[in-house]
Amino acid sequence: MAARYGIALAFAAAGLAAAALLTPVAGPAVYTPLVVAVALTVWFTGTGPGLLVTAVCTASASVVLVEPRWEVSVEDGGDAVRLASFVAASLAVVGLGWAMRRAGASAAESAAVLDSVFDGSPVGLAYLDRGLRFVRVNAALAAMNGRGVEEHLGRRLTEVLPDFPEDLLAVFHRVLGTGEPVIGLEASGGRRSAPGRTFHFIASWHPVRGADGSVVGIGVSVVDVTERREGELREQLVAEVATRLDATVGLPERLDVLARLLVPRVADGCVVDVVEDGGRLRRAAAFHVDPDAGELIRGLPPPRPGSPGDRVMRDGRPLLIEEVGDEHDARAAHDEDLARRRLRLRSAVVVPLRARGETIGLLSAVTSEESGRRYGPGELTLVRQVADRAALAIDNARLYERQRSIASELQRGLLPAALPRIPGCEVAARHVAAGEGLVVGGDFFDVFEAAGEWSTAPGAWALAIGDVCGKGPEAAGLTALVRYTLRAEAVHGRSPDTVLRRVNRAMLLARDDLRFCTAIHGTMLVTAAGARVALACAGHPAPLVLRAAGGVEEVAMSGHPLGLYPDAQFGAATATLGPGDALVLLTDGVLEAFGADTAEEPALGALLSRLAGRPAAEVVEELVGAAIRRPRRRDDDVTVCVVRVAGPEGA
């Protein structure tokens, strides 16, 4: 501050000296050097020193320049008037200087604020000239581009970013050409600083105009929305995992869907290992962007004891391997090591699949050196979220498979393991459970050798088909009671209606829940001319005779269902089969599929007519196939049993 006022006094001294020298010749103009001194002082040192110079010059001038007669004469421009004018002019200069310095300070302050906003903004900002050279760029945008600020200045956009997308480059030219801004364009792309990762941003372009209104450059603002977009994509993926897995039923299908959903969005390769009943891990699904690599990882064994995956299984803690190194391969056997090296893994995430408090498997995601992607905490969190959603779906599928397996085993136990070979005849049968086969149904069939009191010839064959009311364990128990009681009674050579009466009595003695069973039971004797079949009906759909020539006949008979009435009556009838004829026994599941109440439904009869002369196995498959494909099929089992007499020359 002392220096400023020293300079001010020097200006005052110089002004007074100049005025003194000019006094003899300049007249009224002698005050001009003083005004100049004040102006220079204000310009170089400020308004305070300027006021000091004004005061010094005024005091000095009143002594040195003004004559000692204090007569004020405005008309003749006396010294007093000129001194007053000097003071007014000096004060005006000081005021003007103060205003100018204040304005300059405000402008500098404003520029400093704008610089701070530009440089410190988290939004990427840049100004490029018409040649698309960077004139100015802030640190945020420079970081997005993976280069320093100085590496941008003076260089063309395509020099800084050689792989800049052509479609975005066209936006720059459009804005420069039309002078119209482009606001809020969403785009995605990679960065050299993070190969393999996709970044998302929202960019805006606006023209920058000169004083004459022409477009002299372009301003760009870029907002990095990668984290937000990745969060949205993570939520979408987790939701899609749940939806897609719930849309499939079988365990293998769910495991395959899971592996494929993560590739390539999250991983280059994905592996799912599941725990077997014995506690061992089994590689259940694997998928990779490279089909050859996919075959390779499918062939690799699951994690061995002591491996990273084994540790995840034991302690239940997810594992993130940001850089797969030799230390992870060193634990592998020689051939596994070679396989892993061929995969050229870069990063890996291994997380447990946990459901209902148990670890049921492992979900592993890997990236390769080709993609350059590297996993971090964000990817670990995502794979964990996917695993949590998937684990319950996988466990549900396991329970489903187990339940279906149990139901299937129970159902097989209610049906004959194999059908007998009857000389001169063909025998075929098939049972299809309703729905997904999770519940044991009540349909059954049986064919076995038995004596028949209605015939003196040995080697009679017993036939049976039935449908127990309801499903599940109780229906299964009743089915077993009916089938095995019928077998036990039929081997004693009793007539079919007598056998049904004994079965009815056994049901009434064993149960009081009003469950019933419909059935057809018959005894068949093969003769040289064909076969004769004695039949009895317990409220079941009537048998059909499919003649070799194509005719379809219903064996008219009726009777009470088993298990309802102590004095139930069972209708009896006899059917004669010639060469090529077939006896068709079916359950009401077939009739319901065709929308029929009896076996005389036209569509069913027409189908059977087309099957005339066909082998018994083909007749069964065609009937069952047509029944399960028809849209009117209800939630009921479908069972068909066909006995066909061989045609001429065994046809």
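The values are calculated or read from the model by the stated rules, or taken from the named source; none is laboratory data. The structure displayed is predicted, hence computed values, not measured ones. Backbone-built Cβ (ideal geometry, glycine too); neighbour counts: all protein chains shown. Only protein heavy atoms, including side chains, enter the accessible area calculation; ligands, DNA and RNA are left aside. Shrake-Rupley method; radii C 1.70, N 1.55, O 1.52, S 1.80 Å.
Results, tabulated for the structure shown:
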{"item": "Only listed residue being assigned to a strand (DSSP E or B) and among the small types (Gly, Ala, Ser), chosen from ALA534, ALA542, ALA488, ALA506", "result": "ALA534"}
{"item": "Subset of segment 296-352 that is assigned to a loop (DSSP other than H, G, I, E, B) and acidic (Asp, Glu) - its residue that is modelled with the highest pLDDT", "result": "GLU322"}
{"item": "Checklist (1) touching a Gly at 6+ places or on another chain (Cβ under 6 Å); (2) modelled with pLDDT of 90 or more; (3) aliphatic (A, V, I, L, M) applied to VAL175, failing item", "result": "(1)"}
{"item": "Meets criteria (touching a Ser or Thr at 6+ places or on another chain (Cβ under 8 Å) and at pLDDT 95 or above) for CYS537", "result": "yes"}
{"item": "Members of segment 216-240 that are among the acidic types (Asp, Glu) and not in a strand (DSSP E or B)", "result": "GLU227, GLU230, GLU232, GLU235, GLU240"}
{"item": "Index of the failed condition, THR574 passing every other in (1) farther than 30 Å from ARG511 by Cβ; (2) crowded, with 20+ Cβ neighbours inside 10 Å; (3) among the polar types (S, T, N, Q)", "result": "(2)"}
{"item": "Qualifying residue in segment 395-406 (condition: among the small types (Gly, Ala, Ser) and either in a helix (DSSP H, G or I) or under 16 Å from GLY316 (Cα atoms) (or both))", "result": "yes"}
{"item": "First in segment 161-183 and closer than 22 Å to ARG209 by Cβ and part of a loop (DSSP other than H, G, I, E, B), second anywhere and open to solvent by less than 20 Å² (accessible area, probe 1.4 Å) and aromatic (Phe, Trp, Tyr), Cβ under 8 Å, 6 or more apart", "result": "PRO181/TRP205"}
{"item": "Residue ID - nearest to the chain's Cα centre (by Cα), chosen from residues in segment 309-324 that are open to solvent by less than 50 Å² (accessible area, probe 1.4 Å) and either farther than 20 Å from TYR375 by Cα or among the acidic types (Asp, Glu) (or both)", "result": "MET313"}
{"item": "In segment 462-477, residue modelled with the highest pLDDT [restricted to those that are surrounded by fewer than 23 Cβ atoms within 10 Å (Cβ to Cβ) and of a type outside the set (Gly, Ala, Ser)]", "result": "CYS469"}
{"item": "Filtered residue count, segment 518-562, keeping only those that are among the small types (Gly, Ala, Ser), without any contact (Cβ under 8 Å) to a residue 24 or more places away in the chain and open to solvent by 40 Å² or more (accessible area, probe 1.4 Å)", "result": "3"}
{"item": "Positions within segment 408-422 being modelled with pLDDT under 90, over 19 Å from GLU621 (Cα atoms) and in a loop (DSSP other than H, G, I, E, B), in sequence order", "result": "LEU414"}
{"item": "Lone qualifier among ALA612, ALA596 - being crowded, with 17+ Cβ neighbours inside 10 Å, touching a Leu at 6+ places or on another chain (Cβ under 7 Å), at negative phi and modelled with pLDDT under 90", "result": "ALA596"}
